[in-house]
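The values are calculated or read from the model by the stated rules, or taken from the named source; none is laboratory data. The structure displayed is predicted, hence computed values, not measured ones. FYI the Cβ positions are ideal-geometry reconstructions off the backbone, even for glycines, and counts take in every protein chain you see.
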Amino acid sequence: MFEPQYKLNTSLLNNIVRIKHLIAELNNQKFPELMLASFEKDSYAISAHASTSIEGNPIPLTDVRKILKNTPTHIRDTEREVLNYNNALHYLSTQIERPKPITSAFICSIQSTVVDGLLEKKNIGKFRVDPVVVNDPRQRKIAYIPPNADDVYPLMDELTTFLKREHHTTDPLILAGIFHKQFVVIHPFMDGNGRTARLVTKYLLARMGLDTFQLFSFENYYNQNVTKYFSSVGVLGDYYDVRTTIDFTDWLIYFTDGIIDELLRVQKLLNASITPTRLSDHEKIIVAYIQKNGSITKSEYAKITDRAHSTQILDFKRLVEKRIVTRENRGRATYYTLNKL
């Protein structure tokens with residue numbers, strides 16, 4: 001039976017309390033749906049870029065955004081990695097309201113999405129049946145020898161049973177963190193382990209009640225210092241030599257540090273977007289007219305102001321840039337309405 005070793009020390013407890021406080025703050029705020037949808041799309045791009053970059057994918061974030069907006073005609077493997085991760089994120093986001101239990105079958109389904117079109121079929125959606133080693137590219141030698149293939153299924157069964165057994169008694173942050181590290185220790189697949197671990201961990205975190213899950217890109221924290229991430233989540237040596245000495249405490253502190261960092265980023269992003277924008281007296285006239293009549297045209301504005309034509313155009317331009325009004329139609333049919341945000 002899987003019984004992870006860790007200590008609820010002051011640092012870890014303080015992190016858990018702070019995370020719960022930040023989540024409560026975010027959930028108590030009301031944000032416009034259109035604004036959330038816009039940020040959600042970019043959050044997926046950030047997550048897909050960060051998680052694949054951790055594994056060595058060289059595509060920069062600017063290009064990731066382009067790939068997700070317009071799928072290339074001829075997809076390279078590096079591009080497919082990004083698209084696959086994005087597909088997995090979208091699938092998991094649909095499962096949050098009615099969360100599925102974390103089973104081996106569920107985990108395999110996530111891995112199959114992550115590596116779709118990148119591996120042989122025998123290694124897609126199935127636990128490995130061959131031995132693997134984890135190399136240290138800097139020292140060019142083996143850093144870790146995972147469990148034998150014959151032990152993968154029972155170890156994964158122990159891990160998912162642990163999640164189910166402790167669901168109502170152990171803090172979900174602790175459970176998510178323990179799952180992440182133990183999954184990496186087991187290394188159940190031939191490839192896609194890191195990406196699958198981060199996706200399922202993200203799903204576990206979403207189940208704890210973070211309403212803005214779609215904006216949450218904790219993978220970005222790991223990508224800022226990949227070396228520290230690998231040294232924190234991984235272990236060194238032979239699994240059978242170190243399995244009884246693995247302590248999760250330091251990893252859980254690092255893990256919760258990352259969640260705090262990401263929650264603060266999301267909070268700052270959302271608050272900055274809803275901060276009231278100061279309007280000039282002339283801009284207030286336009287907004288008041290739209291509130292009363294539903295829309296305004298340039299000719300209508302010209303009748304209620306003595307400003308020069310060129311300045312009237314600037315008034316509309318500034319309101320559009322501030323996302324207060326939206327331009328509808330073109331040419332002589334142009335009119336302006338209040339932004340739904």
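Return yes or no: is Ser38 assigned by TED's automatic domain parsing to the domain that holds Leu270, assigned to a helix (DSSP H, G or I), without any contact (Cβ under 8 Å) to a residue 12 or more places away in the chain and hydroxyl-bearing (Ser, Thr, Tyr)?
Details: assigned by TED's automatic domain parsing to the domain that holds Leu270: yes; assigned to a helix (DSSP H, G or I): yes; without any contact (Cβ under 8 Å) to a residue 12 or more places away in the chain: yes; hydroxyl-bearing (Ser, Thr, Tyr): yes.
Criteria met by Ser38.
Ile19 falls short on exactly one of the conditions (1) without any contact (Cβ under 8 Å) to a residue 40 or more places away in the chain; (2) in a helix (DSSP H, G or I); (3) of a type in the set (Val, Ile, Thr), and that condition is (1). Per the conditions (1) within 23 Å of Tyr203 (Cα to Cα); (2) surrounded by fewer than 18 Cβ atoms within 10 Å (Cβ to Cβ), the sole criterion not satisfied by Thr160 is (2). Could you tell me whether any residue of the stretch 81-97 is more than 17 Å from the chain's Cα centre (by Cα) and touching a residue at least 12 places away in the same chain (Cβ under 8 Å)? No, the conditions are met nowhere in the stretch 81-97. Against the test of being over 29 Å from the mean Cα position of the chain (by Cα), closer than 28 Å to Lys181 by Cβ and of a type in the set (Ser, Thr, Tyr), the options Thr245, Thr227, Thr305, Thr249 yield a single qualifying residue, Thr245. When the stretch 101-124 is limited to residues that are farther than 22 Å from Pro172 by Cα and of a type in the set (A, V, I, L, M), the one that is nearest to the chain's Cα centre (by Cα) turns out to be Val114.
Here Ile142 clears all of (1) touching a strand residue (DSSP E or B) at 6+ places or on another chain (Cβ under 7 Å); (2) among the β-branched types (Val, Ile, Thr); (3) part of a helix (DSSP H, G or I) except the condition numbered (3). Residue count for the stretch 295-326 under the criterion of being within 21 Å of Met35 (Cα to Cα), assigned to a loop (DSSP other than H, G, I, E, B) and out of contact with any helix residue (DSSP H, G or I) (no Cβ under 7 Å at 6 or more places or on another chain): the result is 2.
Each row is one residue, and each column tells you yes or no for (1) within 30 Å of Ile59 (Cα to Cα); (2) small (Gly, Ala, Ser).
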{"residue": "Tyr6", "(1), (2)": "no, no"}
{"residue": "Leu12", "(1), (2)": "no, no"}
{"residue": "Asn15", "(1), (2)": "no, no"}
{"residue": "Ile19", "(1), (2)": "no, no"}
{"residue": "Leu36", "(1), (2)": "yes, no"}
{"residue": "Asp42", "(1), (2)": "yes, no"}
{"residue": "Ala45", "(1), (2)": "yes, yes"}
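Given the structure, is Val266 within 30 Å of Thr10 (Cα to Cα), assigned to a loop (DSSP other than H, G, I, E, B) and touching a residue at least 24 places away in the same chain (Cβ under 8 Å)? Spell out how you get there, then give the answer.
Working: within 30 Å of Thr10 (Cα to Cα): yes; assigned to a loop (DSSP other than H, G, I, E, B): no; touching a residue at least 24 places away in the same chain (Cβ under 8 Å): yes.
No.
If you go through the stretch 282-341 and keep only what is surrounded by 16 or more Cβ atoms within 10 Å (Cβ to Cβ) and of a type in the set (A, V, I, L, M, F, W, C), you end up with Ile285, Ile286, Val287, Ile290, Ile296, Phe316, Leu319, Ile324, Val325, Leu338.
Residues in the stretch 47-68 that are of a type in the set (A, V, I, L, M) and either crowded, with 21+ Cβ neighbours inside 10 Å or without any contact (Cβ under 8 Å) to a residue 40 or more places away in the chain (or both): Ala48, Ala50, Ile59, Leu61, Val64, Ile67, Leu68.
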